[in-house]
Structures are given as structure tokens and as C-alpha cells.
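What follows is a short report on a single structure.
Every read-out reported here was derived from the displayed coordinates using simple, explicitly stated rules and does not represent laboratory data. Everything quoted here is computed from the prediction, not taken from an experiment. For neighbour counting, all protein chains shown are included, and Cβ atoms are generated from backbone atoms with ideal geometry for every residue, glycine included.
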Amino acid sequence: MLQKRKEAYQFIIEGQVQGVGFRPSVVRIAKELNLTGFVRNIVSGVEIQVQGIEKNINQFEKLLLKKKPKLSKINKISKIKLKTSLKFIDFQILQSSSEINNSVFSNLIPPDVKICDDCLKEFSSPKSRFFNYFLTSCTNCGARFSLINLLPYDRKNSAMSKFQLCKNCKNDFDNLENKRFHHQLISCPDCTPKLRLLLQDKLYSKTDVFQKIGELLNNKKIGAVKGIGGFNLICDATSDEVVLRLRKIKNRYKKPFAVMFPNIQTVKKILKTSEFDEKILNSQEAPIVILELKNLKQQFLSKFVAPDLNRIGAILSYSAHHLLIFKYFAKPIIFTSANLSGEPLIDNFEELKSKFNELDFILDFDRDIFNSVDDSLVLPLNSSEKLILRLGRGFAPKVLKYPNNSKNRDKKILAVGGHQKNSIALFYQDTIILSQFIGDLENYSTFQRFEKTISNFKKLFNFEPEIILSDKHPKYLSTQWAESINLPIFQIQHHLAHIYSVVVEHNLTNNNFIGFAFDGTGFGEDKTIWGGEIFDKNKRIYYFKTFQLLGGEKAVKEPKRVAIAILFEYFSFDEVVKIVKDKQIPFSKKEFELLYKIWQKNISVKTSSVGRLFDAIASLSGICHIQNYEGEAGTLTEIFYNPEIKDNFNFKIDKNGKIEILFDFFDKDLISRFINTIAEIIFQIAKKHKKTVILSGGVFQNKTLLNLILEKLKQENIKTYFNSEIPINDGGLAVGQIGYFLNNF
Ligand SMILES: [Zn+2]
Ligand SMILES: [Zn+2]
């Protein structure tokens, strides 16, 4: 019989192809098709060389796409015919090559993923060697990004490098048929990172630590547990006494805590959930999902979990060790990042111990966290749309494809974002990578986390920036950091960055849009504080009437200051005194008179911020005079919104585009009419200009307002875009800075 001619080819696969079981799947396909050769990780992705008959190699190429593992993403396949034949008698996985080449972003890193169903079965089966194993994972699931130090994604470059494989794991790792074939992070009870439970200064390291934790939680104890991307503080979420004590320990008096539920049934018992909500809760990203309480007077969870609010951030377990805790404590637990107020998530034992000496216990294991990641936070809007308020575990690092013809597309760009809810982003050619949530940079340790994230990203993605983008605010630490780097820097206006973050996310190529950027604070072109700006492409065409921010930053924390600043615009001193008294806005006589003097001098910075207007309305309605946490006033207004009220306040727009709302401050439905007014203003302007509408900025985290606007615009068939896959708040700014730069420079 005539032997068919054998050909040899090289394939280079780029994308998310390391740490996801890609090489094992290549071996399986090659063996099925009787091909010889090898596959190996290289810095830019995966290299394959195959030899066999042409027909089978073509089939091989097709199957690579069709049978790729769940977590993998292929961005590019290049195929070259090799002149010499290969000297392999079968198909092998070869040692990775760490030769650095110049391709940027050819190799992408998968986010951390929740434990998969197959692993869950093994975890629950007494016959499996993974029975009750706290770090059960496989090629399809488990930690990834948080444990990678360097590419290629091999065990030696991961936090698992210091743990030797046991005999069984070695067999699984080498066995093509096994679901852990070449699972770089494999471990089992015989070769596991060591658990240790610190309790009253004594260390326990037995495997029954989870039973002990169950007992501790039952006895009202509060502790920290190491997770995937950092430590979480946990305690019984049903006990007032315990939750109050946690608030004291965390120095956090009102800001809501997330709750981890033992199962979806318990979630459904007290929270309203749609099919869409359940899908998000059960997704492989497993974020915290903000859901409404069925009954405001529920007595199942402690009322101190989310004081004064009608919603709870709910999360389901995403790792085997959470399941082990629930095995011995079947009630909902508080599940909050271990950090002191304003500081970044703690990711190591020593720091945790030094900062939280009041904790009753700490559960740690000796696997390092290379990239710390907070839990993600998702707000479902309706039955099909959502906002990602915090981009963290499961979503980060976020890869966005942005095809463009910018003359700067071959430049490596680093965007450093804003100041609050900071995150950074990298760009090259048509790819943007957005980092995880870093935090508010006013805190020094958060700023250190910002610097560390930049250096980690440079290393991980083999990325040396050539251009830096920052905000225009001279006082933002991110701006100052950018200025200290010896590279060309471009400063992008805050609200235009918001608008262009939507342009990038939705790949909008048509420039015919009108952008509404409403938020709390951003540095304006005229050096006032903007926050209620409307752009026709890049030109600001409308803005809200400005008012004084009495005491600058202090006014941001104290809505009552914003309230009287607005009242002074319309009423005499004596009238304001009377209104403040009637509405019981808490001012001492001295404070009030001082603020009036400051107002009279007219030296305070002015703002057009819609976020601040929300604050003023909250104070004038008696629901929030001083904010306990950022965004509190805005969130509270949603609770008092009455959907029965359909009308709004009148407003006028002058020839310069200045919008003035004609408030009735004595209206008992001030909140509802105010929210209706903001929606109506957007609607009227959108209708007049007949262009695509873009919405971005923190104000649109107000679900009531956003849904109202979306409904109105839909009725008029006006195309509307907003951020959904990246944060609509300042967490999306870095992406917008890149978008603005590519479109305008
Ligand atoms: Zn798995
Ligand atoms: Zn093992």
C-alpha cells in the first residue's frame, strides 16, 4: 500500500491559552488524528508542531477551535508549513520555552474561576481522593490570575511552585485521560498547602479546622479566612450582637456588608431573585449580587448587615473551603473584604494579624497570593441588563477588543485612571486590558497597591509603556504619579473619559453621539468641579447650573452643606434659617453662620455635579445629612422613590446651555420629582438632538434613575449605550482615557 505523504506544520496560538488545559486538549486531538509532534507553552501563547497527512492536519486545525477547553479564548492562529520533517514518534507536551519575544498581549491570563461541577462531585464523594479537600480544582476551574507571577503559565511561575506533587497527583498530571492532565496548580490532601488556624495565639493545623470554625461561628466569634484573592472577614450574619462587633472591629459603622449564603434556596427565602439574578449568582465569576429584600422588616438577617437599606449584596460559595465552613455552620455569614476602612484588601497573614488584633481566629494556608483581587460587585438592572460596580475576582483582568485606525495603535499605552475606585489599563494595537479594582488612592497603602499593580502588570504582560494617560486633576495621586514618570503624558478630561469608556466598550464607530456624564466630582476644563456635563461628541453643550461647595471635600461628605449652599442661592438668610429649622437639618448656630459667611465671600470652588444635587435632595428630604460612606445619599434616595409619582419639576436651559431646575424645596415628594426631572432632562435633550445616547458616570449607578431613562428613550427608539461590562463609575476611567486618546490624538 502506498504510504500517504506526511507534512509538518507549526501553529502559534495566541489568546487565553495558558492555565486553562489547552495543551492537554491539543494532545487529545492530535492523538485522535494520528499526528505526531509536540505542543508547548511559549511566552506569547502556545506553539504546536504537527506531522501527519494533510487532511488530518486540516481537521486538526478545525478541532482546535471546536474542542477548545471551556476557559480558553483563541485570538489568533498562525500556521506555517515546515520544510523539515519532525522526529517524533508520538505527540508530546514539551517543557515550556521562556524565550522572550516582542509580541505583546498574545498571551492572556484567565481570571480566577469558581469551583466547577465535576470538582464539586469529587469534593462530595467519599470515594474520591478529593473528598472534602479544601482546594479542589482542575484544568477547568480554580484560582488563576491571583496565583500567577510570570508567563508562561507553568507551576514554576505560580504560587504552587513550592509544593511538590505527590505520586497520585503526578499520575493525574501525566495522564492524558485525566481531567487534571497538565493542571499546573494541582494539589490534593497528600501534597496540599498547609492549613493553619490561629486561635487565641495558638496554632492548629489539623484537618478538622473547619469543624472548629463552625463551632467558633456558632459561639458568635469573628474571624478572617483566606480566600482566592485575599482575606475575608466572616461571622454569623443573623446575630445583631456579632455584626455590631464586626462593625467596631472594621471601623465601619453603616456601609453595608455582603452576605455569603449557604445555598440559593436561602437567598430566595429573603431576597427577590429573577432568573437573570440567579444566573449571575451561579456564574463562574461568582460575584456579589445586589438584590432587594422581599420584606423590609425581615428578621432572618441582622438589621445591622445593611442598615437603612432595602437591598443586600448576596454571594454564593465559590471555593471548596467555603463549602466546608457551611458544612459545620449552615447559616448565612457576613463576607467582607479584610481591610481597614479605605485601605486595600489584605492578602497576607502577617499584615492581617498586625491590623486586626481583635479577631477571634484566622484561617490561613501557605499558598501566596501574587495578585490580590476583591470580590466583584454586580447590580442587576432588570431582567437582562446589569452593571458591574466593582471589577474584581472572576472578571479581572478584563480584556476588551477595540479595533481602531489610530495612528497611535502601535504604541504601548498605560492609562492610570482616576482617584476613587482606581483601576489601571494597558493598550496595544486593538487590545485593552483593564486591571482589577484597586481602591481610593487618598490612602497611602492603596497608593502602594496602585504602584504594585502597575509593576505586576508590566511584568505579567511583558509590557513597557511608551505613553502614559492620566486624569487632568492636578491633585489626583494617579496624575502626580504619571507626571513623575519620564514618558510622554496626555491628560484626559474626566467626563470625556467616562463617555469614551462607553465608546470603547460598545465599539461605537459612529461619532454622532450625545454623551451624558453625571457623577460626583471631576476636574473641569474651566477649573470648576464638573459632574453634570452633556457633550456633543467632544464639545460640552449643556451643563448644570453651578453652586458653591462649602468647605470643598467636606461638602462631599456632608450633604447638608450642599443643601444650604443651594438654599442660599434662592432665599434670604432668615428664610434659610427657618427652612433649616423646619426641616430639622442639624446645624449648630455657629457652624451655620460660618458657612453663610463663607458662602457670601463666594470663594469656594463651584460645581455642576449632579451627584452633589442628589446629596442636597437627600438632606432636604431628611434622609441623609452626613454620609457614612461614599454614595450613601444617592442609594437612600432610591428607597424613598415613589413610582406612582410621574411628574417632574420644570427646568430651563439658557442660550449658553446652562440647565437650571426650578425646584419646589417644600414638595413632600421632593426625591421622586427630582429623579423624574433628571430623567426628563436627558429625555428632552436626546429627543431634540436625535443622536445616539451615551450614559456614564457614578450617578447612573442609581438603578431607579437609569431604568427610568432607559424606558423613556426606548419608547422614542433612541439608541442608548452605557457601561455594563466595565464599571460605570470611576473604575472605568482608565479604559475611557485610552478611548479618548485613540480617537482624538
Ligand atoms: Zn474543576
Ligand atoms: Zn497530591
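Restriction of the trypsin sites (Lys or Arg not before Pro) in the stretch 345-441 to DSSP coil positions whose beta-carbon has at most 15 other beta-carbons within 10 angstrom yields 407, 409. Annotation note: GluC sites (Glu not before Pro) in the stretch 700-745 located in DSSP loop regions with a Cβ neighbour count of at most 12 within 10 Å are 716. Put simply, the C-alpha atoms of the stretch 393-550 give a gyration tensor, and the ellipsoid matching it has half-axes of 25, 21, 14 Å, longest first. When shorter helices are ignored and each DSSP H run of at least 4 residues is given -39500 (n - 2.57), the per-residue value for the chain at 222 nm works out to -9500 deg cm²/dmol. Going by neighbour counts of Cβ atoms within 10 Å, the residues 321, 473, 689 line up, fewest first, as 689, 473, 321.
The residues 573, 649, 91, when put in order of fewest to most other Cβ atoms within 10 Å, stand as 573, 649, 91. One equal scatterer on each Cα of the stretch 437-485, no solvent, Debye formula: the resulting log10 I(q)/I(0) at q = 0.14, 0.20, 0.24, 0.33 Å⁻¹ is -0.36, -0.73, -1.00, -1.26. Residues of the stretch 38-74 with an amide N closer than 14 Å to a point placed 7 Å from the Cα of residue 7 along the Cα-to-Cβ direction: 50-62.
Arranged from fewest to most other beta-carbon atoms within 10 Å of their beta carbon, 434, 323 become 323, 434.
Of the listed peptides 294-304, 662-672, what is their order by residue-averaged count of other C-beta atoms within 10 Å, with the highest listed first? All intermediate terms of the calculation are to be shown ahead of the outcome.
On the way: 294-304: 14.1, 662-672: 15.9.
For the peptides 294-304, 662-672, the packing ranking is 662-672, 294-304.
For the listed peptides 483-492, 736-745, a ranking on the average number of other beta carbons within 10 Å per residue, highest first, reads 736-745, 483-492. One decimal place: the segment residue 557-residue 66 gains 171.4 nm when fully extended, by the rule 0.36 nm per residue minus the C-alpha distance.
Any idea what the relative contact order of the chain is, in percent, if you count C-alpha pairs under 8 Å spaced at least 6 apart? Display every interim value, and only then the final one.
Working: 1639 pairs, mean separation 82.4, N = 745.
Contact order relative to length: 11 percent.
Separation of the stretch 510-589 from the stretch 424-457 is 30 Å, based on Cα centroids.
Compute the whole-percent fraction of alpha carbon pairs in the chain spaced more than 53 Å apart.
Working: 39751 of 277140 pairs.
Summing the P(r) of the chain above 53 Å gives 14 percent of all pairs.
Taken about its Cα centre, the chain carries a charge dipole of about 1540 debye when Lys and Arg each add +1 at the Cβ and Asp and Glu each add -1 at the Cβ.
Backbone geometry of the stretch 451-457 corresponds, through the Karplus equation with coefficients 6.51, -1.76 and 1.60 at θ = phi - 60°, to 3J(HN,Hα) couplings of 5, 5, 4, 4, 5, 4, 5 Hz, x marking Gly and Pro.
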